[in-house]
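The next block holds one structure in the form of structure tokens; read it before the comments.
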Amino acid sequence: MSYALRNSLILLLVLLLFAAGGWYYIQYYQAETLAEVKTQVTERKNKLKQDQQIADQFEAISATFQEASAFYKNYGKALYRSSNEDKVFDFLTTLNRGNANNDFSFTFQDSTLYPQYGILNMQITGEGLYRNVINFMRSVELSGPLNKIDNVSITPIQVEEKYGYVSYDFKLKSYYERTKILEKSAYNVFQNTYASLNNPFFPLIRDIKANEDKQINVENSSLVAVSTDRVFLINQNGEMQQISIGEEVYLGKLSSINLSEGTATFTLNKGGIVESVKMGVDNENQQ
């Protein structure tokens, strides 16, 4: 074998070894690395897509954040500055006036702690006109300090001269701050209360009150004479009395006079039953 042929065979062998080695490297090493790179590229593309979607929401989220920040900075409620229940009692006392006035008592029970705030738990009991009690509770919840009323119980007082009154009790939760949560807000008092509220506990039929003030009992009296604005009658005690339109008598008032007929009409409320009593100068009473 010639020297040139031998060298050619050696070069060919080396070339085959390189080719085989390269093929083996590509097939068993580079292919696996390439698959990993493709997977990473796919993951990066997916993450880029997600990041782009989040970026597209930035303006809307920023606007929402600004709105929420303004809401909390200007929130109409405030937390009590400390866990001192006397501050709550003082505030309730400021509400207890005018159309919300009533007689209440205050009992502190316990305090519940949370990481950023705490809750004072109290029992409130009292008595007052129904409309005042409702106004009082509305003021408690709608005023500046954050208070919540639970377990309300209202009971009518079935006593003559106190039919419009009720006794009540409820649990009061008052929130106080342990860390800074809300911007400072004045402890404003809600005063938009109702002067007149329908009392569902007020009995439709009641006992007829006794004539303790010795008022004129028109049903036991006799009409003597009438004029344009007043009447003259003999009351139940045999005494001459004069009554003007609108003036009160026992259980009612003089509501109208008919001069031409010589009659007077009285409107009486007999324990919830309203009657009109018409009297004539001939001493005959008509219902």
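Just to be sure I understand the filter: pairs with C-beta atoms under 9 Å, separated by 6 or more residues or on different chains, first member in the range 139-162 and more than 20 Å from Ile119 (Cβ to Cβ), second member modelled with pLDDT under 90 and of a type in the set (Asp, Glu). Which pairs pass?
Hits for this filter: Glu160/Asp207.
Restricting to the range 25-65, and then to whatever is modelled with pLDDT of 75 or more and among the hydroxyl-bearing types (Ser, Thr, Tyr), can you tell me which residue is farthest from the chain's Cα centre (by Cα)?
It comes out as Thr39.
Give the number of residues within the range 149-173 that are part of a strand (DSSP E or B), of a type in the set (D, E, K, R) and under 23 Å from Pro203 (Cα atoms).
Residues meeting the conditions: 1.
Quick check on Thr64: is it polar (S, T, N, Q), closer than 26 Å to Tyr165 by Cβ and in a helix (DSSP H, G or I)?
Considered against the rule, which asks whether it is polar (S, T, N, Q), closer than 26 Å to Tyr165 by Cβ and in a helix (DSSP H, G or I), Thr64 comes out as no.
The values are calculated or read from the model by the stated rules, or taken from the named source; none is laboratory data. Just so you know, these numbers come straight off a predicted model, no measurement behind them. Neighbour counts are summed over all protein chains in view; Cβ atoms, including those assigned to glycine, are modelled from backbone coordinates with ideal geometry.
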